[in-house]
Amino acid sequence: MSIMDQNGGSVIAMVGKECVAIASDLRMGNQALGISSNFQRIFPVTDRIFLGMPGLATDVTTLHERLRFRLNMYTIKEEREIAPETFAHLVSSTLYEHRFGPYFIEPVMAGISKTPTGKYKPFIAATDLIGCLNFAKDFVVAGTASSKLYGVAEGLWEPDLEPEDLFETISQTLMNAVDRDAFSGWGCIVHVITKDKVITRTLKGRMD
Amino acid sequence: MQYSFIEPPWRPRKGYLIMAADTTAARSIVKMKVDEDKIKTLSPHLLMAYSGEPGKSLSLKDPRDTVQFAEYVERNIRLYQIRNLYPLRPAAAASWIRRALADSIRSRKPYVVNLLLGGYDTATHEPHLYWVDYLGTMTEVPFAAHGYGAYFALSLLDRYHNPEATLEEGLETLKRCLDEVSKRLVVSPSKYKVKIVDKDGVREIEL
């Protein structure tokens, strides 16, 4: 009966070889009653950064609007695209501003940045609902199926996966985890961010 | 960047939207009124059905609350139309109303109002339906319901909703839902108002 479980939903992000993937389910419900099987929880931030927001659905929309505003202000002032690391801190400080009346969201970010030597560095991060950052080297999970996601991801993930293998790994991890969670599921969406393109695919899932 | 979220799988649809609401105004266990219209016409092509949150305590669910909020929305949508000489499109109206509820939920005395917002977009010639609750949760859906009847209506609509159905077939599906609610719900409403919005605007019909 936690407010974090009101609407359900889960997000996962994984690191690969010069690529990252972020995926979420598509369910939005009211407690156990499913309302929508097409709820957008992952948003593009720049060409190479995506943000996933599991948690209370009203705050998903509110926080998305708020971050879009702050990001636009950053882009205009700096006259350049934001770096993934900087964006993570922007999300973190936006959440911590509401330390004693938080947005009930646990954001997950995924992106790649170009290093001065011309290489591509994958980046993933997650925060809790008050903005405590967690920079992981392998994968991050959040949402109502997070406990299951940890288990499956721990078993399936390996270092330096190519984009297509990473897609398979993150898809299998997410699908098998959300099928064990009553509040997540109803289909999934997966984004694989590579150095020259973003591959977006939707997955059909169990509808029970 | 070129990016759009996946197209909702239920498109394309026939160009209409049906909305129905019962006409009883109740206070606790007492029926106060049996001819209340709970579907407001916000603009020539926009409908809003509103109700309180079922199961919430009476102090939180003042019937004036729902009506007050509906009138507040109605007048603001009208003001926009007067100022700009064109009405808000369904998606924009839904966003504005959602924001009003999202701000309200973190205020001293939140409105406890659940909404269904349905409109016909005269620019793209497509109907849109939004499910909005008192927390400010909003999602676009092919069909939706609020209240205790929702448990029955949604199950039936999962089975019988057809995006290609004609208006007559759509109304038949609506009747099945209302009949099921009458059959299974302990305290079922006796009368419904049914409104349709399509390219010609809003009209009320008798089932």
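Screening the candidates A:Thr61, A:Thr75 for the property of being in a helix (DSSP H, G or I), more than 11 Å from chain B (Cβ to nearest Cβ) and without any contact (Cβ under 8 Å) to a residue 12 or more places away in the chain yields one hit, A:Thr75. Restricting to segment A:161-178, give me the number of residues that are out of contact with any helix residue (DSSP H, G or I) (no Cβ under 9 Å at 6 or more places or on another chain) and either in a loop (DSSP other than H, G, I, E, B) or modelled with pLDDT under 95 (or both). Of the residues in that region, 1 qualify.
Picking from residues in segment B:149-188 that are away from every other protein chain (no Cβ under 14 Å) and of a type in the set (Asp, Glu), the one that is least open to solvent (accessible area, probe 1.4 Å) is B:Glu180.
The numbered conditions (1) in contact (Cβ under 8 Å) with a residue 60 or more places away in the chain; (2) over 25 Å from B:Ala20 (Cβ atoms); (3) small (Gly, Ala, Ser) are all true for B:Ser107 except (1). Taken over segment B:162-186, the residue count meeting the criterion of being farther than 22 Å from B:Lys40 by Cα and touching a residue at least 40 places away in the same chain (Cβ under 8 Å) is 4.
When segment B:132-148 is examined, which residues are found to be farther than 26 Å from B:Gly15 by Cβ and more than 10 Å from chain A (Cβ to nearest Cβ)? Listed by number, the residues that qualify are B:Gly147, B:Tyr148. Screening A:Ser2 against (1) touching a residue at least 24 places away in the same chain (Cβ under 8 Å); (2) closer than 26 Å to B:Tyr151 by Cα leaves a single unmet condition, (1). Of the strands (runs of 3 or more DSSP E) contained entirely in segment B:46-141, not one carries at least 1 residues that are out of contact with any strand residue (DSSP E or B) (no Cβ under 9 Å at 6 or more places or on another chain) and open to solvent by 30 Å² or more (accessible area, probe 1.4 Å).
Consider segment A:1-20 and keep the residues that are crowded, with 24+ Cβ neighbours inside 10 Å and within 14 Å of chain B (Cβ to nearest Cβ). The one that is nearest to A:Phe167 (Cα to Cα) is A:Gly9. Taken over segment A:78-88, the criterion of being more than 17 Å from the chain's Cα centre (by Cα) and assigned to a helix (DSSP H, G or I) is satisfied by A:Glu78 alone.
Among residues of segment A:49-58 being at the interface with chain B (Cβ under 9 Å from one of its Cβ atoms) and touching a helix residue (DSSP H, G or I) at 6+ places or on another chain (Cβ under 9 Å), the one that is nearest to A:Gly187 (Cα to Cα) is A:Leu56.
The values are calculated or read from the model by the stated rules, or taken from the named source; none is laboratory data. Everything numeric here is computed off the predicted structure, so don't read it as measured data. When we count neighbours, we look across all protein chains shown, and the Cβ atoms used for this are built from the backbone with ideal geometry, even at glycine. Protein only, heavy atoms only, side chains kept; ligands, DNA and RNA dropped before computing areas. Shrake-Rupley method; radii C 1.70, N 1.55, O 1.52, S 1.80 Å.
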